[in-house]
Structure formats: C-alpha cells, structure tokens
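Undergrad: Please see the structure below; I have some questions.
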Amino acid sequence: MDPLEKMHFTTIDYVIFALLLVASMGIGLYYALSGGRQRTTQEFLLADRGMSCLPVSLSLIATFQSAVAIVGVPAEIYTHGTQYWFIGCAYILGLFIPAHVFVPVFYRLHLTSAYQYLELRFSKPVRICGTLTFIFQTVIYMGVCVYTPALALNAVTGFDLWGAVLATGLVCTLYTTLGGLKAVIWTDVFQTIVMFAGQLAVIVVGVQQTGGLAEVWRKVWEGNRISGIDLNPDPTERYTFWTLGVGGVFLMLSLYGVNQAQVQRYLSSKTEREAIMSCYMVFPSLQVALALSCVMGLVMFARYSSATLLPTVHQPLCVLYPQMVLYFVMDMLQDLPGLSGLFIACLFSAALSTISSAFNSLATVTLEDLIKPHCSSMTEARATLLSKGLACSYGLICLAMAYLTHLMSDSVLQAVFKIFGMVGGPLLGIFLCECDPCGNQTSLTLKPLCLAMAFWVGIGSIVTRTSGGPAAVSHFNCTAVQLSGNITTAIGTALNSTAVPTSTSSQPMGLQRFYSLSFMWYSALSSFTVVITGLIVSFLTGPMKEEDVTPGTLYPLLGNMLFFVPDNLKQNLCCATPLGHRVSQQSTWAHHTHSSGLCSLVETT
Ligand SMILES: CC(C)(CO)[C@@H](O)C(=O)NCCC(=O)O
Ligand code: NA
C-alpha cells in the first residue's frame, strides 16, 4: 500500500470513536447531577476526599500515559531496540519513594495544592514560584497531548486535524467542568481500560498476521532489536541502564511524587492508607502499560523487517515518527472493521485522560495558590463557580497550545521528556528539601540559577539537535517522505536495513558535549543542582531555626535511616523530626515544638 494514500475508515470506526466521547460526557454529566452536584470546591477539586485506591491508581497511570507514549514508545523500540524497556526498573524507587516520603507528608498536612507545602516549609514566594513552574510545564504538555493523536490520525486517515483537536479539547473541557475531579477520575478508569484494550487488540492481530509468536521473536532477534543491559557510563548516550534506571527515577519522582495532578489524587483518597495503596497499585499497571507499548514496537518491527511482507516493495516505507505506529495499525487492521476504530479510541482515551487531569489540577492551583490568598472573603459558592470557570478557560488555552505545538518540530516523546526535566526537575529539587531539616530560605534564592542551567542544556540541545546521540534519521539510509508539511524531522526506515545502526557522527566536544547530555538525565541533573546548592548555602548561612519550621513539613529521612540507633541518641543527633498527623492536630504540634524545640521530640510513628 502506498504510504501517501489515505486509509479507509469505516462507519463502525467512527461510531466507536464517537462512543468514547459520548461515554466520557455521560460520566461527566452523571457526576454533575449526583452526589453533592459539584457545589463545593471540596467536591469539585478533591472529589470530597472520599476516593478508594483502585480508581485512584488507574487514574494515576492515565495522567502521564498520553498518546505521546502510545505512539512514541513503539517507534522508539522499532528504531533503537528494547533498551528503553529498562525504564521499568525506575518504577520501583520511583513509586516507593512517593508512597513513603511524599504521600504521608502531604496527606497529613491536609493540603489542597502541593505548592501550599512550599509556603508551610519555606515562604510565600517559593510557593508562587512552584505554582508558576507547574502551570508553565502543564500548559505546554497539554498542547502536545491533544495535538499528537490528531496529527497521527490526520496523516494516516485524512481525518480533519483541527476537527479532531476541537472535538477532544471541547468534550474534555465540558466533562471536566461539569463533573469535577470525580468525573476526571472515573473517566480515567474507563479510558485506561479502552487504552489497554486497543493496544492488546493490535498486538494480538499483529502477531497473528506476522505468523505467530515464534516468528515475531525470530525476526526481532535477527534484526538485533533485543538489547541486553547497556552499562555504558557515558551520560550522552540516549538510553543506557543508567539513564533509564537512575535518571528515570528522578523523572518518576517529579511526575508521581510532587506533580499537582498526582498529589491531588493522593489527597482525594479516603485515608492515608488508601493513598499509599494506590501508589503501590500503580506499579503493576504501569509495567503492563510499558510492556504493551514495547511489545507493539517489536511486532511492528517483525512485520516490516522483511521486504516481502510489505504491501508495495518498490516504495520505501518511510513514515514520520508520530505516524509510524498509526500507519502500522491501519495497514494491519484495515480489513477488520471496528478494530482500527478501537485503536483510535485508545489513542484519544490516552489524550483525554491526560488533558482532563491537566485542566482540573491547573484550576486547583490557580484558585488555591494564586487567587484565594488575595480574596480571603470569597464565599464557597463563588469559589466553586470560579474553579469551574478556570477549568473551562484552561480547556480553551489547551486548544491554543495545540496550535503552538503545530509549529514545533521535535520528536514528541523527546520534547515531552525535555519539558518534564527542564521544568519539573528543579521543582522536584525544592520538594526534596523535605528531607533536609536545615534547609533555609536563602538556599532557595539560587533556584532561578538552577532553572537557568536546566534551560541552558535543554535549549542548547534543541537548537543544536544533539541530545542523546544523533537523530534517528542519520542512522538509517532512507529518503524521507514528508506526510505532513509542517514536521521536518522524519524517521526513515530502510526496507532492508535491519542491522543495528552504526553511529556515524564524531564525538561531541566542549559545550556541544554538555548539550548532548541524554534528556533522561535532565530531571536528575536539575533537581540535584537545587539540592546541592541548597545544602551548601544553608550550611554557609546557618540552618533554619527549629522554631521556624512548620511542624509536619519535614520527612525524618536521617531518623528513619538510623532506625537501629536508640531514640535518645537520635535526639542528640538532631535527626528525629516528627511527622504531623493531621492539620487539626497542628496546633498541638506547634505548641509542642515551640516549647521544646524539634530536636527534643522523639518520633512517634
Ligand atoms: C511516565 C512514563 C515514563 C512511565 O513509563 C511514561 O508514561 C511516559 O513516557 N510518559 C510521558 C509521555 C506521555 O505523555 O505519554
Ligand atoms: Na492519559
């Protein structure tokens, strides 16, 4: 089949896609009309703090599993082999630390916004800075999320690009504004199931059409796509065990530990135990999600590794990065009506579940951190109305951001990882000061400096196009066919080139070398610089006075690590800082702390 020829999309496919939108709207309407009918901010933004762990955990994975991962990961596996799969190792610490360090601290403080924590621990300017950083990161991210599936669908089926963007953006805005966080979480549950079903269907059909599991295995093995563990310490190497397993932990922490979208879900849990449980339950579901995308990449490779299986041998199969997966799916499923619709629904489910979380969490931080502190007399009814207005406005901003994404040209998965690292990394660094009882105000004034450095390496790599090794295009010998006029980065796959690509470019030198740092390290690098400069400055300027530390805002890291040391010795080491239990008890804690000082308190847990 000619890659430039648009593929057929039957009525059943359109119906399935429409059903997804209708069902999501239905869930939104249900929560607008049931329960407390979304008349308080507690219900609209925090689902009445009554959620149980199963929906919360599925919603947690849906938030950062967007169409970017669904189309980006298989393409990554196809071109670079299975090395990326090792990011699964980062999930262990990347979820264990949030469950036991961040969740208890945030939950016991009874927060609404994660950035409230920054004011309790440090000061108001730090909180504002955190909130603005989050808004910046999320607004860019949601543009990419809504644009990616629409572009892929447009390129392969000719479905109107802006029609798809408008449909997803508007439907999502509507159900988010109507049904609040309850609707967001329950649509996430439904959409996660559709997402898994769509990917599974493609894998099953793909394996069957390629000639069975053994055949798929033989082809990916012969094509050198199964990567062993790569322990190369070079930080400019795109994917190695270190970039994925260690750098990935920091990426996971910034997403699952301190990102408002996720923190809000922990806070909406019925009890602290449920919140911790939901974090644990993310682990298996996230492994399933990762395995599905990786296996899909392998099946795709197996199918196209041999020229004889290609529909048209004379035409090189060259597809653009985001479209590659969709091309594969449509090529395979076109004779099975309904299944391609299911995959399109899977792609849009992934997008909807991400942008709905973005709208709700953006409304929350804007109201709680930017507006409420200035209007203390606002009534509950007004605040709820305002938060609905905010959710709706962010929905419209999302459409504008989709247009901006249209003008960008980086590979989407890379672009998203770069944004997460550049913007989310420094923010994670500030939150990591949770474990540093001595951290003071002054130590955070250097934050802009660290942010500047994170941006320097990120922007430098975008401008010079170097991060994580040369672009895939240079690996393969191919004439790039441009499916869409606006994207210039094309990923080519030569028909017969199944050998592992050889790196052709010379070693980068000097600044070039700094820019070519693998983007998987961005989060780790920027959060580390914040922590290290923070430690040095607070050491030089003297630690924060004990009575200035808000009780419950410190995690007794040293105290817990030295669990084998007797309590009285720990007191002398000044590392037994208590963890507050509830905000209602805060006054007692405060009283206690002010009269006796933090060090004399023995940990009660
Ligand atoms: C968060 C991870 C890394 C977990 O595997 C993954 O879901 C991911 O790559 N997410 C970012 C890209 C996206 O928006 O889907
Ligand atoms: Na999603």
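Coordinate-derived values only; no laboratory data. Remember, predicted model here, so these are calculated numbers, not experimental data. Please note: Cβ atoms are built from the backbone with ideal geometry, for glycine as well, and neighbour counts cover all protein chains shown.
Undergrad: Which order do peptides 242-254, 151-163, 113-125 fall in by mean Cβ count within 10 Å, highest first?
TA: The densest-packed peptide leads the list: 242-254, 113-125, 151-163.
Undergrad: Which pairs, out of K182/K418; K182/K372; K182/K270; K124/K372, put more than 24 Å between their alpha-carbon atoms?
TA: Check vs 24 Å cut-off fails for K182/K418.
Undergrad: Oh, and also: Rounded if a/c is under 1.5, else prolate if a/b is larger than b/c, else oblate: which is the range 1-150, with a ≥ b ≥ c the root eigenvalues of its Cα gyration tensor?
TA: Oblate, because a/c is 1.5 or more while a/b does not exceed b/c.
Undergrad: Once R0 is set to 22 Å, what does the formula 1/(1 + (r/R0)^6) return for the Cβ-Cβ distance between Q512 and V246, expressed as a FRET efficiency to the nearest 0.05?
TA: FRET efficiency, Q512 to V246: 0.40.
Undergrad: Another question, if that's okay. From the residues N154, A197, P125, which one has its Cα farthest along the dipole of the range 102-203 in the positive direction, the dipole being from +1 and -1 charges on Cβ of Lys/Arg and Asp/Glu about the Cα centre?
TA: P125
Undergrad: Still on this structure, I have one more. Would you work out if the range 189-283 is rounded, prolate or oblate? Take a ≥ b ≥ c from the square roots of the eigenvalues of the alpha-carbon gyration tensor; rounded if a/c is under 1.5, else prolate when a/b is larger than b/c, oblate otherwise.
TA: Oblate, because a/c is 1.5 or more while a/b does not exceed b/c.
Undergrad: I want the local charge near T243. Using Cβ-Cβ distances under 12 Å, sum +1 for each Lys or Arg and -1 for each Asp or Glu among the other residues.
TA: My count for the surroundings of T243 gives -2.
Undergrad: Once R0 is set to 25 Å, what does the formula 1/(1 + (r/R0)^6) return for the Cβ-Cβ distance between F96 and L540, expressed as a FRET efficiency to the nearest 0.05?
TA: Efficiency, rounded to the nearest 0.05: 0.15.
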